[in-house]
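Contents: one structure, followed by commentary.
The values are calculated or read from the model by the stated rules, or taken from the named source; none is laboratory data. These numbers were taken from a predicted model, which means no experiment stands behind them. We place every Cβ from the backbone using ideal geometry, glycine too, and count neighbours over all the protein chains shown.
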């Protein structure tokens, strides 16, 4: 065990640091500045292009596919160093890098690899994820959007939901039902879809945060060429698993969310003339959360060591998000409480309280998206602890016979 | 960067686990309780013969000169087995106190005997209810006066490091002026004593090591011990739930049980991860130790608290019987929750040292 860099890692870190120092400042998004969506995506593409030109895009991707052909640890080092700057790196870039190119590299054909991977690494293509539906969230395989073969095309009809940034995406990764006569996991097929295709209609969802990061995407007689099918017909579920496993292993940036709350408590007046951080209950709760956060950081490091050796952490990876989401809700909720009534309607210039309010709202998404708490706990129980699967009423029943 | 145990450390863990599984199964622990044994002396002798006791003690004074992380691997296995040996008192606290604050002569006199297990030591710090690091005992002119209680393993120890108002002192326990009174111990596998010192002969441990550093280093080992114990609880609960049939199916097939144990599995992994880092920092990054030890301590306490309680709960009524094995950990957990100071002590220490560690890392 060695938490220090090896000489090679240290050299790589120094190189990355120097490159970032020269390149990143021009791309930094000033805190407190609110950008409109189009502008944010433009900046995000520009930063990704700079990363590509610097030779740091797709660090673990083979050179033949446009990546760097580097190691997992190099990717971690880059992410750690990059996270020192506030850069435009939203889902519009992350879904492409973390999901689309992974699934195309693993399940796609050579033409698809050539068309999509390097262009995505360059920031030329942005992506959204068209998986969830109104009746297919945790039970994703229950999805109803269907595709029917028509000559060289597939004709798609249905509705997707929670598609982050779909309104600013060039392409989408899409899973649909192509065979309702077989059990639900078996009748799915995976596609990439041009978001400008006729019949694609995107409606923003008004969220409880007031923002609209997510969309409903309606697809009406959308024609997708068979050339844009990823993997075999009926192989959609395996493609989804590739995407979702990528979603659950963090990138290596570790901004503490608890540390700022210690400062916040220390700047909030307490009951007896001191500060809120003098309260032993506040200290206990924040210290416990901080210990858990540190543990998660080192746990992720253990997972990355596994990955760098070619081992698959599987459901262990879900532990990080499972712990994080509840911790964010618990600590941001506590922070609002220790602040007192002021937390409900802070002064206009109190940016931190509003950020904490936002965290408290956003934590609800974190507990649901990318594997709800309950789904992750099932996976941990079944795949890590070897406990029995849930009783499933829909097992082995053709999809069309399900109620 | 490499965030895993080495192959050698994994072998060490397997070796310790194998030995303990064979020598100290739960029925053996029950037998020790029934016979009111002070400790498992044959196991202690065997651990000494195999070198486990001297793992992190320097070679020059009779140890193997291994790292704090190696010692942690052993602590974790002892915690998993709930072994009735004074490892924590004698090695983690007493030997380490002598190593941190003893003179060369004191180290040469005591460490070889502690490393071999020939002599058992302990560390006397609490003075009844209140903070763990109590300094009411008085040391002056080579004489120690005052009361320390409770002190673990004091019945079998022949030497104790004692926290006093003048710092750490070393006292032989088999002398006039030392009165040891056995107390009923909540943890039935670790005996506790009240020790009254009435002008007992003692010598100062005058070196630079502070009681706080000793506690930090011990907290890392306690975190490993608790991690092992928490994982034992998780495994025991899982195995029981797999076997137990209820309402026509396995108890383990109910989400109420699956989710409870999944939560526990997360706590165990976070606890182990913190312990790994703190064990590494104890040897390689001492500036990070106070924050890392506190985080490991808090994390491990949370894991074992959940593990000890929910393991018994999953067992249902059988868990309340002496024949079941839940109670060993249910009792040990409270000991581990309060030895070295309670949660508040470590929360304060983490908050005080966290910023410094953050800056160090950056």
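Computed quantities for the displayed model
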quantity	calculated
Residue tally, condition surrounded by fewer than 20 Cβ atoms within 10 Å (Cβ to Cβ), in a helix (DSSP H, G or I) and within 16 Å of the chain's Cα centre (by Cα), over region A:55-92	1
Out of B:277, B:320, sole residue that is buried (at least 24 other Cβ atoms within 10 Å of the Cβ), outside the structural domain of residue B:17 (by TED's automatic domain parsing) and over 16 Å from the mean Cα position of the chain (by Cα)	B:277
Test for residue A:39: is it under 20 Å from residue A:170 (Cα atoms) and either in a helix (DSSP H, G or I) or in contact with a strand residue (DSSP E or B) (Cβ under 8 Å, 6 or more places away or on another chain) (or both)	yes
Filter result (away from chain A (no Cβ under 12 Å) and within 14 Å of residue B:306 (Cα to Cα)) within region B:214-228	B:226, B:228
Single condition residue B:161 does not satisfy, out of (1) touching a residue at least 60 places away in the same chain (Cβ under 8 Å); (2) in a helix (DSSP H, G or I)	(2)
Test: residue in region A:383-399 that is assigned to a helix (DSSP H, G or I), over 30 Å from residue A:268 (Cβ atoms) and away from chain B (no Cβ under 14 Å)	yes
So residue A:376, is it over 21 Å from the mean Cα position of the chain (by Cα) and touching a residue at least 24 places away in the same chain (Cβ under 8 Å)	no
Candidates B:206, B:252, B:237 - the one that is part of a loop (DSSP other than H, G, I, E, B) and more than 30 Å from residue B:2 (Cβ to Cβ)	B:206
Residues located in region B:209-234, provided they are part of a helix (DSSP H, G or I) and loosely packed, with under 15 Cβ neighbours inside 10 Å	B:212
Among (1) touching a helix residue (DSSP H, G or I) at 6+ places or on another chain (Cβ under 8 Å); (2) not in a loop (DSSP other than H, G, I, E, B), the one test that residue B:169 misses	(1)
Subset of region A:384-396 that is touching a residue at least 60 places away in the same chain (Cβ under 8 Å), within 17 Å of residue A:141 (Cβ to Cβ) and out of contact with any strand residue (DSSP E or B) (no Cβ under 6 Å at 6 or more places or on another chain) - its residue that is surrounded by the most Cβ atoms within 10 Å (Cβ to Cβ)	A:394
Some residue of region A:303-312 being crowded, with 20+ Cβ neighbours inside 10 Å and farther than 29 Å from residue A:244 by Cβ	no
Matching entry among B:238, B:349, B:249 (being within 7 Å of another protein chain (Cβ to nearest Cβ) and surrounded by fewer than 24 Cβ atoms within 10 Å (Cβ to Cβ))	B:238
Helices (runs of 4 or more DSSP H) within region A:259-341 that include 3 or more residues within 11 Å of another protein chain (Cβ to nearest Cβ), free of Cβ contacts under 8 Å to residues at least 40 places away in the same chain and over 19 Å from residue A:366 (Cα atoms)	A:259-266, A:280-308
Qualifying positions in region B:105-146 - part of a strand (DSSP E or B) and surrounded by 18 or more Cβ atoms within 10 Å (Cβ to Cβ)	B:121, B:122, B:123, B:124, B:127, B:139, B:144, B:146
Residue list for region A:297-310, restricted to those being touching a helix residue (DSSP H, G or I) at 6+ places or on another chain (Cβ under 7 Å) and over 17 Å from residue B:220 (Cα atoms)	A:300, A:302, A:303, A:304, A:307, A:308
Tabulated pairs, region A:180-204, first at positive phi, second surrounded by 14 or more Cβ atoms within 10 Å (Cβ to Cβ), C-beta under 8 angstrom, 6+ apart or interchain	A:199/A:156; A:199/A:219; A:199/A:222; A:199/A:223
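Conditions (1) out of contact with any helix residue (DSSP H, G or I) (no Cβ under 8 Å at 6 or more places or on another chain); (2) more than 14 Å from every other protein chain (Cβ to nearest Cβ), marked per residue:
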{"position": "B:163", "(1), (2)": "no, yes"}
{"position": "B:174", "(1), (2)": "yes, yes"}
{"position": "B:201", "(1), (2)": "yes, yes"}
{"position": "B:212", "(1), (2)": "no, yes"}
{"position": "B:230", "(1), (2)": "no, no"}
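Each row is one residue, and each column tells you yes or no for (1) under 22 Å from residue B:324 (Cβ atoms); (2) touching a residue at least 60 places away in the same chain (Cβ under 8 Å).
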residue	(1), (2)
B:1	no, no
B:6	no, no
B:12	no, yes
B:16	no, yes
B:27	yes, no
B:30	yes, yes
B:33	yes, yes
B:37	yes, no
B:45	no, yes
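So that you can scan it fast, the table gives a plain yes or no per residue for (1) more than 8 Å from every other protein chain (Cβ to nearest Cβ); (2) part of a helix (DSSP H, G or I); (3) closer than 23 Å to residue A:301 by Cβ:
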residue	(1), (2), (3)
B:258	no, yes, no
B:266	no, yes, yes
B:270	no, yes, yes
B:275	yes, yes, yes
B:294	no, yes, yes
B:302	no, yes, yes
B:314	yes, yes, no
B:331	yes, yes, no
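Listed here are the residues, each with its yes/no results for (1) on the phi < 0 side of the Ramachandran plot; (2) crowded, with 18+ Cβ neighbours inside 10 Å; (3) part of a helix (DSSP H, G or I); (4) modelled with pLDDT of 95 or more.
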| residue | (1), (2), (3), (4) |
| --- | --- |
| A:111 | yes, no, yes, yes |
| A:114 | yes, no, yes, yes |
| A:119 | yes, no, yes, yes |
| A:123 | no, yes, no, yes |
| A:138 | yes, no, no, no |
| A:144 | yes, no, no, yes |
| A:148 | yes, no, no, yes |
